[in-house]
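What follows draws every value from the coordinates through simple rules; no lab data is involved. Being a predicted model, the structure only gives us computed values, none of them experimental. Here the Cβ positions follow ideal geometry from the backbone for every residue, glycine too, while neighbour counts run over all protein chains shown.
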Amino acid sequence: MPFELPTLPYADTALEPYYSAKTFSFHHGKHHKAYVDNLNKLLSGSPFEAASLEEIILATAGDGTKVGFFNNAAQVWNHTFFWHCMTPGGGGRPTGELAERIDAAFGSYEKFAEQFKAAAVGRFGSGWAWLVLDGDALKIISTPNAETPMTQGKTALLTVDVWEHAYYLDYQNRRPDFVQTFLDQLVNWEFVAQNLAQAK
């Protein structure tokens, strides 16, 4: 079966005024959809026709002859994950075990937020900043373009998209403002906690 564009986990107006329906119309309705459509075209008649997204990503990572498969599959996965990293009424501090793990790994939530923002703002060009589980350790990494933590053997817990199409209509060239708003108003800490629990 061909892949389909997943529906957003909330209405396209649900994150306003921090993330607009207009941005979703382009980011989800055009960019994410294009990755899905391009991947389906590539898969027709290929050895990966019946593979999962994760199988395609892991089988094609680092293979220059299969870069189209990797880029489109990884971007479908990354974007689907990113939508779930945001929620209406989100942001602020995590709670429970996740908060304890963040404090232990980074010293405090404030230090985590500072390092996460630095990774996102400091990513040159297009890419992503991630909170990941690496073995038993929480770490912050950034990846360029379509790269994703699973190819490094790490488990994604949280991501923010810092490709310009992710924020330009709402924030123009103010990437730091977008990332700060993401942390303060949008992060779905329940989703992050679920990812951590499932990774144990």
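Report, in debye and to the nearest 20, how large the dipole of segment 96-199 comes out about its Cα centre when Lys and Arg carry +1 and Asp and Glu carry -1 on their Cβ.
280 debye
In this model, which of LYS30/LYS139; LYS66/LYS200; LYS33/LYS139; LYS33/LYS66; LYS30/LYS111; LYS111/LYS200 are farther than 26 Å apart at the alpha-carbon?
LYS30/LYS139; LYS66/LYS200; LYS33/LYS139; LYS30/LYS111
In the calculated pair distance distribution of segment 1-113, what percentage of Cα-Cα distances lie above 19 Å?
More than 19 Å apart: 58 percent of the Cα pairs in segment 1-113.
Going by average Cβ neighbours within 10 Å, how do the peptides 76-87, 40-51, 11-22 rank, with the highest at the top?
Ranking the peptides 76-87, 40-51, 11-22 by packing returns 76-87, 11-22, 40-51.
Can you list the residues, at least 5 places off or on another chain, whose amide H is less than 5 Å from the amide H of MET86, using H built in the peptide plane?
Hits under the 5 Å cutoff: ASN188.
Charges at C-beta only: +1 for Lys and Arg, -1 for Asp and Glu. How large is the resulting dipole of the chain about its Cα centre, in Debye rounded to 20?
Working: 15 positive and 22 negative charges, 65 e Å.
For this selection, approximately 320 debye.
Identify, among VAL160, GLY107, ALA34, the residue whose Cα sits farthest towards the positive end of the charge dipole of the chain, taking +1 on the Cβ of Lys and Arg and -1 on the Cβ of Asp and Glu, with the dipole about the Cα centre.
Going by the Cα projections, it comes out as ALA34.
Using only alpha carbon pairs under 8 Å that are at least six residues apart, calculate the relative contact order of the chain and give it in whole percent. Kindly include the intermediate steps, with their values, before the conclusion.
Details: 276 pairs, mean separation 49.5, N = 200.
Normalised by residue count, the contact order of the chain is 25 percent.
Note the direction-averaged projected area, equal to a quarter of the hull surface, for the Cα convex hull of the chain, in nm². Mind dumping the intermediate values first?
On the way: hull surface 43.2 nm².
Average of the hull's projected areas for the chain equals 10.8 nm².
Length gain on complete extension for the stretch ASP177 to LYS22, per 0.36 nm per residue less the alpha carbon to alpha carbon distance? Each step should come with its number before you reach the end.
Numbers: separation 155, 0.36 × 155 = 55.80 nm, distance 1.81 nm.
Between ASP177 and LYS22, full extension yields an extra 54.0 nm.
Sequence gap at least 6, Cα distance under 8 Å: using those rules, report the relative contact order of segment 21-84 to the nearest whole percent.
38 percent
Of all alpha-carbon pairs in segment 21-84, indicate the percentage at a distance above 20 angstrom. Display every interim value, and only then the final one.
On the way: 505 of 2016 pairs.
Here the tail beyond 20 Å accounts for 25 percent of pairs.
Would you mind giving the three semi-axes, in whole Å and largest first, of the ellipsoid equivalent to segment 96-199 according to its Cα gyration tensor?
22, 16, 12
Between segment 19-40 and segment 180-200, how far is it from one alpha carbon centroid to the other, in angstrom?
Between the Cα centres of segment 19-40 and segment 180-200 lies a distance of 22 Å.
Tell me which DSSP H helices of the chain clear both cut-offs, 24 Å or more of axial length from alpha-carbon atoms and a mean Kyte-Doolittle hydropathy of at least -0.5.
Span-like helices here: 67-84.
Explain nothing, just compute: Karplus ³J(HN,Hα) = 6.51 cos²θ - 1.76 cosθ + 1.60, θ = phi - 60°, for every residue of segment 13-23 in order, whole Hz, x for Gly and Pro.
9, 5, 9, 5, x, 7, 8, 8, 4, 5, 4
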